[in-house]
1. Restricting attention to region 60-82, which residues are under 13 Å from E8 (Cα atoms) and either outside any helix (DSSP H, G or I) or of a type in the set (A, V, I, L, M, F, W, C) (or both)?
2. In region 65-84, what residues are under 20 Å from P42 (Cα atoms) and hydroxyl-bearing (S, T, Y)?
3. Is it the case that some residue within region 55-62 is over 20 Å from I29 (Cβ atoms) and more than 14 Å from the chain's Cα centre (by Cα)?
Amino acid sequence: MLYAIIGEDVPGSLEKRLAARPAHLKRLIELQDAGRLIVAGPCPATDSPDPGPAGFSGSVVIAEFESLEAARAWADADPYVAAGIYGKVTVKPFRKVLPA
């Protein structure tokens, strides 16, 4: 089943985010290589694809996991969680409708 993982950045975490990004991307690439990643990316803090020093307000990952518990465990092990970048992480089932 698919799950949406929504991480919300704490204010002022851009430097930490940039430092933890390689480890964060490594895990996403592993999901992609396994054919389980639907989409992943950051949410700019401003209405711009490159928010500059404003940074990001969070991230969204939609991927396939065996269960809600497995998705939560994967989210809890994210380097952004360990680095204190995410102040809140929400994991919930997701049902893809479009594109078909």
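The values are calculated or read from the model by the stated rules, or taken from the named source; none is laboratory data. These figures come from a predicted structure and were not determined experimentally. Because the Cβ atoms are built from the backbone with ideal geometry, glycine has one as well, and the counts that use them run over all protein chains shown.
1. Result: V60, V61, A75, D78, V81.
2. Y80
3. Yes: region 55-62 contains one or more residues that are over 20 Å from I29 (Cβ atoms) and more than 14 Å from the chain's Cα centre (by Cα).
Conditions tested, residue by residue: (1) modelled with pLDDT of 95 or more; (2) hydroxyl-bearing (S, T, Y); (3) buried (at least 17 other Cβ atoms within 10 Å of the Cβ); (4) not in a strand (DSSP E or B).
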site: E8; (1), (2), (3), (4): yes, no, no, no
site: A20; (1), (2), (3), (4): yes, no, yes, yes
site: L31; (1), (2), (3), (4): yes, no, yes, yes
site: C43; (1), (2), (3), (4): yes, no, no, no
site: G58; (1), (2), (3), (4): yes, no, yes, no
site: P93; (1), (2), (3), (4): yes, no, no, no
site: P99; (1), (2), (3), (4): no, no, no, yes
